[in-house]
Amino acid sequence: MTSLLETEDETMLRDAARGFLADAAPVANLRANRDQGRPFDTGLWREMAQMGWAGVVVPEAQGGADMGQRAAGILAEEMGRTLAASPFISSAVIAATTLRAAAGQHSADALAAIAQGDLLYAIALDEGRKHAPLTTTLAAEKSGNGFRLSGTKAFVADGGCADRVLVLARTAGGPGEAAGLTLFDIPADRAGLSKTARATVDSRDHAQMLFDGVEATGDEVLGTLDDGWALLSRGVQAGQAAVAAELLGVAGGAYGMTVGYLKERKQFDRTIGSFQALQHRAAHLWAEIEVTASAIANAGRVLDATPAEAGLAVSLAKARAAQTVDLAVREGVQMHGGIGMTDAYDIGFYMKRARVGTEWLGDYGYHAAQVAAARGF
């Protein structure tokens, strides 16, 4: 949000992304996607991949840009500003970060395909209404030299369009325990895996996945048996930071649209933006956005420098983003007046995306609890 938080290269990346998205993915594109029943524009995603966005955290050896998590956050923020729909966070951030940590030939091949934009991943993680990965009960039972997966995953982002799925399953232990969780990497069209589209208010691709005795080989275990959360948590933290950055962009986009409206709408022969009460509310929102931008920039930098110590910074960023975007979209709708509640104005799309993004990978309550625990409360 402010150049004081960025290097020269990061500012160049932001400027390039903002210019491209303003032309290629305005909010009108989201409306068109919704009306045509498509979760995202595949042509737009190909262009993003050609610019290196799909490989932003992929090593150069696999054809990626290897720019890091802070750069991924900048791209996510700019996408949030125009509500650009894409599988960026699921594939280019969460899956790519996880696969990079896993190493091995399969991971290298998958990373190369992700960087080219040819391979899309979904993350089958949560099973209930809230983010609670350690409560996983989807069972992976030994079957010969492999496993059989049985259970349900809810709210799988990009689950309808994915080519492959990272699935967190329980091979030992019980709900609430990190030990005994194993991560599998399987094709999305594997026999026994069925997907049901779940309509969400933001018109994005979400699915419920039912695993009915899905066979997985030992080679499809990613990382170490019974220790999959240690691996996947790296990708999830990267995803949480990217979602926080996207929410910051949503807040910034809603703020810009609202201020523009305040400068145009007239009452009593005056623009409503000249009313001091509205000026104070707009100034307060601007200040909140700036403070949140600092927390999100810090989360990206900590993930790049010391990822093993990033938990507090990431949860602080996600909690802060959830509060800020909620304020931004509520103020936006209210300051637009009655028309803010109609489908004819785009401000409502920002509120809808904010609601879904706030829940994805942990809401305010979840991350506030993580921050409190990290600080000894």
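Worth pointing out:
- Gyration tensor verdict on segment 76-148 (Cα atoms; rounded if a/c is under 1.5, prolate if a/b is larger than b/c, oblate otherwise): oblate
- Selected from Asp205, Asp269, Asp163 as most flexible by GNM, with the chain as the system and alpha-carbon contacts under 10 Å: Asp269
- Cross-link pairs beyond the 24 Å C-alpha cut-off, checked among Lys318/Lys352; Lys130/Lys352; Lys195/Lys318: Lys195/Lys318
- For the chain, the relative contact order works out to 16 percent when only alpha carbon pairs closer than 8 Å and six or more residues apart are counted.
- Inter-probe distance in nm under a simple model that places probes 7 Å from Cα toward Cβ, at Arg355 and Glu60: 4.6 nm
- Potential lengthening of the chain between Tyr364 and Ala132 amounts to 82.2 nm, from the contour at 0.36 nm per residue minus the alpha-carbon distance.
- Here, P(r) means the percent of Cα pairs in each 10 Å bin from 0 to the largest distance; for segment 176-238 it is 19, 35, 39, 7.
- Span-like helix criteria (full DSSP H runs; alpha carbon extent of at least 30 Å along the helix axis; mean Kyte-Doolittle hydropathy of at least -1.0) are satisfied in the chain by 228-264, 276-305, 311-336.
- Spin-label model, Ala372 to Glu177: label points 7 Å out along the Cα-to-beta-carbon direction sit 2.7 nm apart.
- Calculated over segment 1-88: convex hull of Cα atoms, volume per residue (Å³): 84 Å³
- Taking every C-alpha pair closer than 8 Å and separated by at least 6 residues, the mean separation divided by the residue count of segment 38-140 gives a relative contact order of 29 percent.
- With a Förster radius of 30 Å applied to the C-beta separation of Asp23 and Val201, the computed FRET efficiency comes to 0.65.
- Remark: the chain carries a charge dipole of roughly 1140 debye about the Cα centre, counting +1 on each Lys and Arg Cβ and -1 on each Asp and Glu Cβ.
- Between Asp227 and Ala305, the modelled label-to-label distance comes to 2.8 nm, taking each label 7 Å out from Cα in the direction of the beta carbon.
All of the numbers you see were taken from the coordinates with simple rules; none came from a lab. Since the model is a prediction, treat every value here as computed from it, not as a measurement. Cβ atoms come from the backbone with ideal geometry, glycine included; neighbour counts cover every protein chain shown.
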